[in-house]
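Student: One structure is given below, represented as structure tokens, and several questions about it will come after.
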Amino acid sequence: MKMGEIPGAQLGVIGALFLSVASSVSIVICNKALMSNLGFPFATTLTSWHLIVTYCSLHVALRLNFFENKPIDMKTIMLFGILNGISVGFLNLSLGFNSIGFYQMTKLAIIPFTVLLETIFLKKQFSQKIKLSLFVLLLGVGIASITDLQLNFVGSILSLLAILTTCVGQILTNTIQKRLNVSSTQLLYQSAPFQAAVLFVSGPFVDQCLTKQNVFAHKYSTVVLAFILLSCVIAVFVNFSTFLVIGKTSPVTYQVLGHLKTCLVLAFGYTLLHDPFNARNILGILIAIIGMGLYSYFCTNESKKKQGGDVSSMPQVLMIKKNRSALSSSSCS
């Protein structure tokens with residue numbers, strides 16, 4: 001790696017993180033207005049529309065040569081897309097069959113489950129400092145967002161399935177991009193149709209179970225249609241930034257970023273939508289921010305140490321190669 005490439009790579013990561021936060025907070029506020037104020041509660045069906053619009057947008061971008069399409073094994077991409085679609089369905093069902101507090105616990109559990117799966121199956125090592133920062137982060141988000149914990153058997157099974165499918169899907173997002181050397185845009189473009197198909201077929205049924213309403217019988221006003229269109233446009237940036245962040249960083253970092261979004265959504269909900277807010281929310285957000293700061297600090301330090309180790313080992317590697325070349329040349333002569 002050249003010296004000039006390091007700042008550029010860091011700038012790309014920062015840009016991806018900023019795009020992810022900005023688009024995710026925007027779509028939450030838009031969807032909350034759509035569902036709470038305008039009476040459109042069909043979250044799963046709306047997500048399928050998001051993915052259809054995302055695919056169409058990327059198809060236009062492909063035609064305009066903004067990126068090149070790299071073929072990926074059809075079986076791999078099909079299973080990946082279906083898995084991601086199923087995880088969204090399980091998350092929505094988990095919210096429908098559980099209390100909000102238990103749903104938040106489900107989302108919090110994604111980080112430790114991801115760490116566990118990466119440790120077992122990918123042999124990835126997480127330092128004690130990283131684990132401590134994640135614990136502080138989860139504690140803060142829990143204090144800020146969890147209100148009640150009402151447990152039921154069906155809801156618990158759905159939450160467990162949501163955690164497993166989400167963790168595996170995010171780990172695969174990172175693994176596929178790195179092992180097959182494909183960009184986030186290429187992976188999203190090829191997987192979006194399968195994910196959209198799963199949600200488009202199952203969405204009306206899931207929404208019917210959760211809301212007792214039929215999405216096709218809903219009366220669509222001009223304002224509702226305008227907010228749906230706005231939500232779909234923002235979703236293009238959300239879906240793209242999700243794949244971009246996971247590809248450039250890791251599934252755990254993406255989950256940490258997700259909890260930053262939770263804190264920002266709580267803050268914006270209070271300032272813009274006048275949601276109820278108390279001292280416990282403020283305390284939890286502050287603790288979460290401390291945890292995120294520690295996570296960023298420890299990750300940066302470990303990354304610098306790793307880069308320093310790689311650089312210091314380069315002269316030794318070159319010397320070994322020279323010695324081997326000298327030996328081989330002397331043996332030939």
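Student: Of everything in segment 105-114 that's open to solvent by 30 Å² or more (accessible area, probe 1.4 Å) and not basic (Lys, Arg), which residue is nearest to Ser133 (Cα to Cα)?
Tutor: So the residue we want is Pro112.
Student: Would segment 227-244 turn up any residue that is open to solvent by 30 Å² or more (accessible area, probe 1.4 Å), without any contact (Cβ under 8 Å) to a residue 12 or more places away in the chain and either out of contact with any helix residue (DSSP H, G or I) (no Cβ under 6 Å at 6 or more places or on another chain) or farther than 26 Å from Gly39 by Cα (or both)?
Tutor: Taking every residue of segment 227-244 in turn, at least one turns out to be open to solvent by 30 Å² or more (accessible area, probe 1.4 Å), without any contact (Cβ under 8 Å) to a residue 12 or more places away in the chain and either out of contact with any helix residue (DSSP H, G or I) (no Cβ under 6 Å at 6 or more places or on another chain) or farther than 26 Å from Gly39 by Cα (or both).
Student: Okay, next question. May I ask you to list the residues in segment 208-238 that are more than 21 Å from Gly89 (Cα to Cα) and either among the polar types (S, T, N, Q) or touching a Gly at 6+ places or on another chain (Cβ under 6 Å) (or both)?
Tutor: Within segment 208-238, Ser221, Thr222 qualify.
Student: Right, another one. Among the residues of segment 216-226, which ones are surrounded by 12 or more Cβ atoms within 10 Å (Cβ to Cβ) and under 31 Å from the mean Cα position of the chain (by Cα)? Even if it seems obvious, please write down each step before you answer.
Tutor: Just the residues of segment 216-226 that are surrounded by 12 or more Cβ atoms within 10 Å (Cβ to Cβ), to begin with: 218, 221, 223-224, 226.
If the condition is that a residue be surrounded by 12 or more Cβ atoms within 10 Å (Cβ to Cβ) and under 31 Å from the mean Cα position of the chain (by Cα), then His218, Val223, Val224, Ala226 are the ones that fit.
Student: When you scan segment 119-138, do you find a residue that is open to solvent by 30 Å² or more (accessible area, probe 1.4 Å), basic (Lys, Arg), in a helix (DSSP H, G or I) and at pLDDT below 90, even just one?
Tutor: No; the residues of segment 119-138 include none that is open to solvent by 30 Å² or more (accessible area, probe 1.4 Å), basic (Lys, Arg), in a helix (DSSP H, G or I) and at pLDDT below 90.
Student: Tally up the residues in segment 62-98 that are more than 27 Å from Val154 (Cβ to Cβ) and open to solvent by less than 80 Å² (accessible area, probe 1.4 Å), please.
Tutor: 9
Student: Follow-up. How many of the residues in segment 280-291 are within 19 Å of the chain's Cα centre (by Cα) and open to solvent by 20 Å² or more (accessible area, probe 1.4 Å)?
Tutor: Within segment 280-291, residues that are within 19 Å of the chain's Cα centre (by Cα) and open to solvent by 20 Å² or more (accessible area, probe 1.4 Å) number 1.
Student: Can you name every residue in segment 199-255 that is of a type in the set (Lys, Arg) and part of a loop (DSSP other than H, G, I, E, B)?
Tutor: Lys212, Lys219
The values are calculated or read from the model by the stated rules, or taken from the named source; none is laboratory data. Every value quoted in this text rests on a predicted model; they were computed, and no experiment measured them. Don't worry about glycine lacking a Cβ; one is built from the backbone with ideal geometry, like all the others, and counts go over all protein chains shown. Just the protein is used for accessible areas: all its heavy atoms, side chains included, with ligands, DNA and RNA removed. Shrake-Rupley method; radii C 1.70, N 1.55, O 1.52, S 1.80 Å.
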